[in-house]
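K.L.:
Got a structure here, written out as structure tokens. Questions coming.
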Amino acid sequence: MPKRPHHAPSNPVSGLCSPARAPLPDELTPLLGNRTPRQFMRRYWQKKPLLIRQAFPDIAAPLARDELFELADLEDVESRLITHFRKAWNLEHGPFAPDELPSVRKREWTLLVQGVNLHDDRAHALMNRFRFIPDARLDDLMISYATDGGGVGPHFDSYDVFLLQVHGKRRWRIGAQRDLSLKPGLPLKVLQHFEPEQEWVLEPGDMLYLPPHIAHDGIAEGECMTASIGFRAPSAHELTAQFLYHLAERTGDAPDSARANARYRDPGQEPVANPAALPALLIERVGAILANVDWSEKDIAEFLGTYLSEPKANVVFDSPERALNEQKFVERAKKTGIELDRKTILLYDARSFFVNGEAAALSSKLKKWLPELADTRRLEAKRFVTLTDESSMTGLLHEWYRAGWIRMGALP
């Protein structure tokens, strides 16, 4: 089904400084309870929970309720509806037409909308406040809308999360329990024996940080909305499988891949009386082949860059309807600057850069501007002007513009 167009306002989230940015490593910030990011990372990150009152004073929800419902009706947006009517849990996956959601006057239901930052500038600006943590770890901003009594049951996550109250009130109970067994036969993961140790009511602007595997349960007190800023935490199994696949692809494409493409040989194989038995010589020789597989730090970095910048399956980039040619693109960018599209992931290291799952060498010319674009996600007009003599820059950015990976700034 074709994707329906949708347009989001670009005004920043109320209560955020303008332009919204992440605090510097040694900058005291209300976002972290008047701590610096360095203090937070050393004392709390992946170690223990932290309640922060008024992390975002005077905050407003990035999206109004009706805007969130409209987003949940789109094909390229991941959404879930969780109900707890008559003490029975039920889970449905979107998209949801407006008449498919329960009445907002009905108690105990929750709408979860993933990746709101990919579709709305205000949510994107809010998530950018957390970029004191590497982009390679940032996942997305989810918004949970709940009516009175709504929640998803006591559960735990395998990743870090900041739970920011943006509208109404929610009561959180948490506990560092060891028993993580789940209730059987339910459509969602609900803990069988939840043992809360602490409890708070969060109001707009309050935020709760939870490291992985801290059990928690959030119940709406009246209508409420919570923004969850989540982080990527792939399992060892996932990383191993994806890296070996990446390595196999790169080895097969390498010009010196004669060894990799050599066929299996067993000139010493003896005749057998049991043809179905797996030959010991086969096991030995394949083991020797696998023992010769090696990789370098560069291979690991290239894998991580392409893997962690790969857009999710439901991400669709919108190319400009009437794309400017390169000359007009440059003229316009000199006046307005350019910025990365909300959905674009641009990472880099000392040797390479990685954009939306693609890798390329970071040449000396690209080093003049590409890390700056990746870190700030924009090039202001004045900065763009100083770089226009670099044809490698204008040509590459024009290519990204035509693909929908970057956007032009607004005309004054």
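The values are calculated or read from the model by the stated rules, or taken from the named source; none is laboratory data. Computed from a predicted structure; not experimentally measured. Neighbour counts run over all protein chains shown; Cβ positions are idealised from the backbone, glycine included.
K.L.:
Say we look at the stretch 204-234 and pick out the residues that are small (G, A, S) and over 19 Å from the mean Cα position of the chain (by Cα); which of these is nearest to N34 (Cα to Cα)?
P.N.:
If we take residues in the stretch 204-234 being small (G, A, S) and over 19 Å from the mean Cα position of the chain (by Cα), then G205 is nearest to N34 (Cα to Cα).
K.L.:
Quick check, is I406 under 25 Å from the mean Cα position of the chain (by Cα), at pLDDT 95 or above and more than 23 Å from E78 (Cβ to Cβ)?
P.N.:
yes
K.L.:
Which residue out of P275, P234, P267, P271 is free of Cβ contacts under 8 Å to residues at least 12 places away in the same chain and closer than 30 Å to F56 by Cα?
P.N.:
Criteria check complete, one pass: P234.
K.L.:
Going through the stretch 68-80 one residue at a time, which ones are surrounded by 19 or more Cβ atoms within 10 Å (Cβ to Cβ) and closer than 20 Å to K106 by Cα?
P.N.:
Listed by number, the residues that qualify are L68, F69, A72, S79, R80.
Results for (1) surrounded by fewer than 19 Cβ atoms within 10 Å (Cβ to Cβ); (2) without any contact (Cβ under 8 Å) to a residue 12 or more places away in the chain; (3) farther than 24 Å from F194 by Cα, shown as yes or no for each residue.
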position	(1), (2), (3)
P102	yes, no, yes
M127	no, no, yes
I133	yes, no, yes
G150	no, no, no
L163	no, no, no
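K.L.:
Answer with yes or no whether Q177 is among the polar types (S, T, N, Q), under 25 Å from R43 (Cα atoms) and touching a residue at least 60 places away in the same chain (Cβ under 8 Å).
P.N.:
Against the criterion (among the polar types (S, T, N, Q), under 25 Å from R43 (Cα atoms) and touching a residue at least 60 places away in the same chain (Cβ under 8 Å)), Q177 does not qualify.
K.L.:
So, one more: Pairs only if they're at least six apart or on different chains, beta carbon under 7 angstrom, first in the stretch 391-410 and farther than 16 Å from A381 by Cβ, second hydroxyl-bearing (S, T, Y); list them, first residue then second.
P.N.:
R402/S319; A403/S319; G404/S319; W405/T344
K.L.:
Quick check on T83: is it in the same structural domain as T147 (by TED's automatic domain parsing), hydroxyl-bearing (S, T, Y) and within 22 Å of D206 (Cβ to Cβ)?
P.N.:
Considered against the rule, which asks whether it is in the same structural domain as T147 (by TED's automatic domain parsing), hydroxyl-bearing (S, T, Y) and within 22 Å of D206 (Cβ to Cβ), T83 comes out as no.
K.L.:
Hey, another quick one. Considering the stretch 289-331 alone, what residues qualify as being assigned to a loop (DSSP other than H, G, I, E, B), over 29 Å from F384 (Cα atoms) and hydrophobic (A, V, I, L, M, F, W, C)?
P.N.:
Matches in the stretch 289-331: V293, W295, A313.
K.L.:
From the list G222, G268, which residue is surrounded by fewer than 16 Cβ atoms within 10 Å (Cβ to Cβ), of a type in the set (G, A, S) and within 30 Å of F156 (Cβ to Cβ)?
P.N.:
From the options G222, G268, the qualifying one is G222.
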